[in-house]
Amino acid sequence: MGLVDMKRYGPTWVYQLCCEHGGLLYVGIAVDLDRRLAQHRKTKAWWSEVAHVVAHQFPTRDDARLAELDAINLRQPIYNIEGVRPNDQFAADAWAQRHQTWELPIVSREVR
C-alpha cells in the first residue's frame, strides 16, 4: 500500500480541540495527528484558545470522516466552517445511509 493509499484507507484520527472550560472549538481528521496540530498552531488565529485535544483513532479514513461529520453536526464547534453538511459525495451518501454517533473517548492532553 502506497502513501496515497495509506492516507485514504489507513488509520485516521478524529480530533476535537477544546478550550479550557471544555467548550468545543474545532473537530477535524488527520492521518498524522501531531503534524496536523502543528499546522493549526501555525495558521489558526484561534489556536491560543485551545487547551485540550481529545482524539480517537479509526481504522479507515472513511470511518473517521463519518465520525467527524457526526461530531460537527451534533456538537457544532464554533470554528468549523466545512463539515456541517457533508461536502463530498462519499461522505454525503455514507453519512445518510449509516448515520451514527461515535463514542469519542475522553482522552485529552494539555496543548500548551
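We did not get these values from a lab; they are worked out from the coordinates using the rules stated. Since we're looking at a predicted model, the values are computed, not measured. Cβ placement follows ideal geometry from the backbone for every residue including glycine, while neighbour counts extend to all protein chains displayed.
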- [ ] Within the range 48-64, track down each residue that is assigned to a helix (DSSP H, G or I) and under 19 Å from ARG75 (Cβ atoms).
- [x] GLU49, ASP63, ALA64
TODO: Report, ordered by the first and then the second residue, all pairs with beta carbons closer than 7 Å, sequence separation of six or more or different chains, a first member in the range 66-78 that is within 18 Å of TRP13 (Cβ to Cβ), and a second member that is part of a helix (DSSP H, G or I).
DONE: LEU66/ALA94; LEU66/TRP95; LEU69/ALA91; LEU69/TRP95
Task: Matching residues, the range 8-36, being under 13 Å from ARG61 (Cα atoms), free of Cβ contacts under 8 Å to residues at least 40 places away in the same chain and either acidic (Asp, Glu) or assigned to a loop (DSSP other than H, G, I, E, B) (or both) - done: VAL31, ASP32
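Residues are listed down the side, and each one gets a yes or a no for (1) among the small types (Gly, Ala, Ser); (2) farther than 18 Å from ALA64 by Cβ; (3) surrounded by fewer than 19 Cβ atoms within 10 Å (Cβ to Cβ):
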| residue | (1), (2), (3) |
| --- | --- |
| TYR15 | no, no, no |
| CYS18 | no, yes, no |
| HIS21 | no, yes, yes |
| LEU33 | no, no, yes |
| GLN39 | no, no, yes |
| LYS44 | no, yes, yes |
| TRP47 | no, yes, yes |
